[in-house]
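A.B. asks: One structure follows; several queries about it will come next.
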Amino acid sequence: MAWMPALHVLLSPITADTGAVIEQIQLKPLFYAPQKEALARAGDDEDEQFFELAKLATGLSEKELDQLKRPDYVSIAQYVHEMSTQPASFFLDQADVPRQSLTSEQVALLLPLQASGRTLTHVTLEMPALRATKVMKKLPTNKERAEFITAHCAGLMIPDLAGLTVPDWTELQGRIDDFLNKPADFFRNATSK
């Protein structure tokens, strides 16, 4: 069965913009592209960042969110924090699955990804060749470098990355960081766990 975000039952119901009573909120996954846009809108203020991400995670309007009692908002902010910082393996309970290969690995996705007419539930990450990292280093921003090397290692197109959940993005970044920075022995030892 596919992963589903939690249903948050409100301590104190709120009134929807339509006048209906909201007693529970089905939390939504955060996706890479909308999260990036929300953070850009919020600027550097951390409270504004959480508020923008809470709108994404709940589907609530600003007026509806403003009605939440603080404990309900703290619960939603905690979910947003986990979605923004934890890898997919945290949600899928696969943190200690050993690598199957020295040069590539299957990474389970939190939610299926639509990419080039295919529905992917896993991506196979391949270690980048040195020439790919040289191209990456010539790109002007950290974001462009991260997107290039992620697409390259995962066999995806850069526009496909927008459909990843934030935990999937975080998972891939952790694995790719290993590919970019760990010595060969790290991978030899990882397959023999």
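Bear in mind these aren't lab numbers, they're just calculated from the coordinates by the rules spelled out. Computed from a prediction, not measured in an experiment: that's the story for all the values here.
A.B. asks: Just need the relative contact order of the chain here, percent rounded to a whole number, with Cα pairs under 8 Å and 6+ apart.
C.D. replies: It comes to 23 percent, rounded to a whole number.
A.B. asks: As I understand it, the value is the acute angle between the Cα axis of helix 70-85 and the longest principal axis of the Cα atoms of the chain; what does it come to in degrees, rounded to 10?
C.D. replies: 10
A.B. asks: For region 93-190, what is one quarter of the convex hull surface built on the Cα atoms, given in nm²?
C.D. replies: It is 6.3 nm².
A.B. asks: On a 0 to 90 degree scale, rounded to 10, what angle separates helix 142-154 from the longest Cα axis of the chain?
C.D. replies: Roughly 60 degrees between the two axes.
A.B. asks: According to the Cα gyration tensor, what semi-axes, each the square root of 5 times an eigenvalue, does the equivalent ellipsoid of region 7-85 have, listed from largest to smallest in whole Å?
C.D. replies: Working: eigenvalues 87, 32, 26 Å².
Computed over region 7-85, the values are 21, 13, 11 Å.
A.B. asks: Please work out, to two decimal places, the log10 of the ratio I(q)/I(0) at q = 0.09, 0.16, 0.18 Å⁻¹ from a Debye calculation in which every Cα of the chain carries one identical scatterer.
C.D. replies: Log-scaled intensity ratios, in q order: -0.40, -1.05, -1.22.
A.B. asks: Give the relative contact order (percent, whole number) for region 93-190; include only Cα pairs under 8 Å separated by 6+ residues.
C.D. replies: After rounding, I find 28 percent.
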